[in-house]
Amino acid sequence: MKTQVGIIGSGPSGLLLARLLHLQGIDTVILESRSREYVLGRVRAGVIEQGMADMLRQAKVGARMDREGLIHEGINIAFDNRLERVDFPKHTNGKVVMVYGQTEITYDLMNAHIDEAGGIVHYESPAIRVEDYDTERPRIIYQQNGKESELVCDFVAGCDGFHGVARKSIPAEKIATFSRAYPFGWLGILSDVPPVKEELIYANHERGFALCSMRSQTRSRYYIQCEVNDKVENWTDDAFWDELCRRLPSEEAANVIRGPRLEMGITPLHSFVAEPMRFGRLFLAGDAAHIVPPTGAKGLNLASSDIYYLSRALLAYYKQKRTDLLDRYSETALRRVWKAIRFSWWYTNLLHKFDNEPMSRRLQTSELDYLTGSEAGQAVIAENYVGLPYEKFE
Ligand code: APR
Ligand code: PHB
């Protein structure tokens with residue numbers, strides 16, 4: 001099998017890249033280890049920056065998002081039984097975010113790319129390794145129906161998430177990795193109940209962090225900080241709701257509407273970056289190259305900015321025979337990645353319980369008091385949360 005751009009992984013990164021290239025007449029084949037149903041069944045993030053919303057519109061998959069997504073003009077930060085709001089448009093020249101689930105984005109991309117445009121995605125076809133990435137004919141070795149085959153490409157995009165094989169195909173001495181594990185996880189619930197408040201609440205509490213998010217006016221997503229090795233089996237729905245309410249200001253806790261779980265899961269928290277993001281004709285994008293803790297809602301949005309840079313670089317190559325954007329891909333993408341890594345780390349530190357020391361807590365609540373009471377402090381949060389700008393190219 002042959003194609004122009006071989007893509008490993010059909011998460012948001014792989015699908016968005018395939019869709020953008022297809023609209024410009026460039027052929028792709030996606031190899032995905034899981035089934036289509038499995039990919040759609042994963043419950044993932046839900047906050048989209050304006051840059052990503054614009055990318056989805058450009059990919060002609062923004063119509064349902066624009067109809068059903070919720071525009072959010074701010075977030076709430078809770079601490080010391082107080083609730084403080086950070087206004088986005090006021091501090092960012094009018095920017096906002098969109099609340100629309102990653103699952104919905106994946107669904108819209110599959111629909112447009114596979115069902116309507118006839119784009120090729122091979123499900124249940126795991127890539128095993130990438131070969132000859134430093135030649136003009138890189139190949140993806142993959143498995144299908146128990147048989148080994150190869151996909152010969154001009155370029156390979158490794159969009160196969162943190163556990164994928166693209167990054168692992170590179171010899172260890174050619175890649176630098178930076179990583180940090182946090183000593184806690186997030187226990188999350190999805191439930192068909194109206195959200196406690198129209199905008200998200202990020203809560204710092206002496207018992208640990210809590211987050212009130214949503215997927216729609218009738219579907220809520222809540223998280224509480226938990227032990228790193230905690231198990232979902234340890235939690236009943238009631239125990240979850242009780243603990244969530246203990247960590248919110250009393251006025252908000254009184255408004256929480258409880259319901260049975262549609263899903264409950266535990267997410268570990270990590271920061272991870274692989275450098276560079278390009279090896280000859282193999283390009284890494286999204287979770288394959290970097291992971292952020294979910295506190296700043298940056299994971300999905302970083303996948304989008306990587307694909308912005310990569311799709312433009314590949315288009316410049318195919319349409320204008322330019323290679324300079326491909327050469328600059330890693331450096332350009334990483335500049336934005338590191339800023340989001342930094343913000344997610346800082347925001348995680350500000351809001352979570354790391355130890356039992358009273359000094360740690362007082363420092364956090366005093367920083368929260370300072371930030372929310374200062375226009376400059378609010379601007380720092382707002383500017384990062386709505387997303388730093390994508391670099392433009394001529
Ligand atoms: N061969 C083929 N596909 C693979 C392989 C492999 N060896 N290994 C992993 N995959 C697939 C996974 O099954 C998954 O569908 O690659 C896909 C990677 O998708 P994601 O993990 O969703 O990563 P990405 O597309 O970069 O999306 C960005 O941002 O919100 C965060 O982590 C969240 O998924 C989100 C990510
Ligand atoms: C979510 O809705 O799943 C969500 C929202 C904001 C975050 C993380 C997760 O920071």
For this session: Hand me the list of helices (runs of 4 or more DSSP H) wholly inside the stretch 1-59 holding 2 or more residues that are open to solvent by 20 Å² or more (accessible area, probe 1.4 Å), in contact with a strand residue (DSSP E or B) (Cβ under 7 Å, 6 or more places away or on another chain) and closer than 20 Å to VAL156 by Cα.
Result: none
Exercise. Just to be sure, is ASP242 over 22 Å from the mean Cα position of the chain (by Cα) and free of Cβ contacts under 8 Å to residues at least 12 places away in the same chain?
Worked result: yes
Problem set entry | Sole exception among (1) within 16 Å of ligand 2 (Cβ to nearest atom); (2) surrounded by fewer than 21 Cβ atoms within 10 Å (Cβ to Cβ); (3) more than 24 Å from CYS226 (Cα to Cα) for ALA303, by number | (2)
For this session: Mind telling me which of the residues GLU173, GLU199 ends up being within 12 Å of ligand 2 (Cβ to nearest atom), surrounded by fewer than 22 Cβ atoms within 10 Å (Cβ to Cβ) and at pLDDT 95 or above?
Result: GLU199
For this session: Scan the stretch 127-170 residue by residue and report those that are of a type in the set (D, E, K, R), open to solvent by 80 Å² or more (accessible area, probe 1.4 Å) and either over 19 Å from ARG281 (Cβ atoms) or not in a loop (DSSP other than H, G, I, E, B) (or both).
Result: ARG129, LYS147, GLU148, LYS168
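Here is a yes/no grid of residues against (1) touching a Phe, Trp or Tyr at 6+ places or on another chain (Cβ under 7 Å); (2) modelled with pLDDT under 95; (3) within 12 Å of ligand 1 (Cβ to nearest atom):
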| site | (1), (2), (3) |
| --- | --- |
| LEU284 | no, no, yes |
| HIS290 | yes, no, yes |
| PRO294 | yes, no, yes |
| ALA297 | no, no, yes |
| LEU302 | no, no, yes |
| ASP306 | no, no, yes |
| SER311 | no, no, no |
| SER330 | no, no, no |
For this session: Starting from the stretch 367-394, keep only residues that are more than 22 Å from GLU199 (Cα to Cα) and open to solvent by 20 Å² or more (accessible area, probe 1.4 Å), then list their pairs with residues that are outside any helix (DSSP H, G or I) and of a type in the set (A, V, I, L, M, F, W, C) whose Cβ atoms are within a distance under 7 Å, requiring at least 6 positions of separation or different chains.
Result: none
Problem set entry | Scope the stretch 280-304; condition small (Gly, Ala, Ser) and farther than 23 Å from TYR133 by Cα; matching residues | GLY296, ALA297, GLY299, SER304
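The values are calculated or read from the model by the stated rules, or taken from the named source; none is laboratory data. All of these numbers come straight from a predicted model, not from anything done at the bench. Glycine gets a Cβ as well: all are built from the backbone with ideal geometry, and neighbour counts include every protein chain shown. Protein only, heavy atoms only, side chains kept; ligands, DNA and RNA dropped before computing areas. Shrake-Rupley method; radii C 1.70, N 1.55, O 1.52, S 1.80 Å.
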